[in-house]
Amino acid sequence: QVQLVESGGGLVQAGDSLRLSCTASERTFSNYAMGWFRQAPGKAREFVAAISWSDSTYYADSVKGRFTISRDNAKNTGYLQMNSLKPEDTARYYCATDPRGSIYSSSKYTYWGQGTQVTVSS
């Protein structure tokens, strides 16, 4: 059982940056792909970014060029660097790992964190 804990969310202004972290309880984290998803009130959870065990990266079109996903396997931690934040980025952000299928689909991920809130004011 892998436990994930997100941190780094907060209230920022449009154009600001934040870095989210996701720390895993198990060293086997390095063997899995990791994804970031977000969910705004009244909306479905949506894919943001993912990184494979071999460090290939994937992004939603809405964040491409602004967000960067990375991982530090020595620290069992993944990151989401978010630059040029927009009000439409406001959501609760979740990390997940061990996808059993498409990395773009939230339903395929086995383990989830509790999320961290990101609020971007205009």
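The values are calculated or read from the model by the stated rules, or taken from the named source; none is laboratory data. The structure displayed is predicted, hence computed values, not measured ones. Reconstructed Cβ throughout: ideal geometry from the backbone, glycine too, with neighbour counts over all protein chains shown. SASA here: full protein model, heavy atoms, side chains in, ligands and nucleic acids out. Shrake-Rupley method; radii C 1.70, N 1.55, O 1.52, S 1.80 Å.
Per-structure values
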{"quantity": "Which numbered condition Val63 fails, given (1) touching a residue at least 40 places away in the same chain (Cβ under 8 Å); (2) open to solvent by less than 50 Å² (accessible area, probe 1.4 Å)", "calculated": "(1)"}
{"quantity": "Filter result (open to solvent by 20 Å² or more (accessible area, probe 1.4 Å) and over 12 Å from the mean Cα position of the chain (by Cα)) within segment 24-46", "calculated": "Ser25, Glu26, Arg27, Thr28, Ser30, Asn31, Tyr32, Ala40, Pro41, Gly42, Lys43, Ala44"}
{"quantity": "Set Val5, Val63: member being part of a strand (DSSP E or B) and either of a type in the set (A, V, I, L, M) or over 20 Å from Thr119 (Cβ atoms) (or both)", "calculated": "Val5"}
{"quantity": "All positions within segment 93-110 that are open to solvent by 40 Å² or more (accessible area, probe 1.4 Å) and part of a strand (DSSP E or B)", "calculated": "Thr110"}
{"quantity": "Some residue of segment 85-92 being assigned to a strand (DSSP E or B) and under 22 Å from Ser121 (Cα atoms)", "calculated": "yes"}
{"quantity": "Near pairs, Cβ below 8 angstrom, 6+ apart or cross-chain, from segment 103-121 (under 18 Å from Ser52 (Cα atoms)) to any residue that is surrounded by fewer than 18 Cβ atoms within 10 Å (Cβ to Cβ) and among the aromatic types (Phe, Trp, Tyr)", "calculated": "Ile103/Tyr58; Tyr104/Tyr58"}
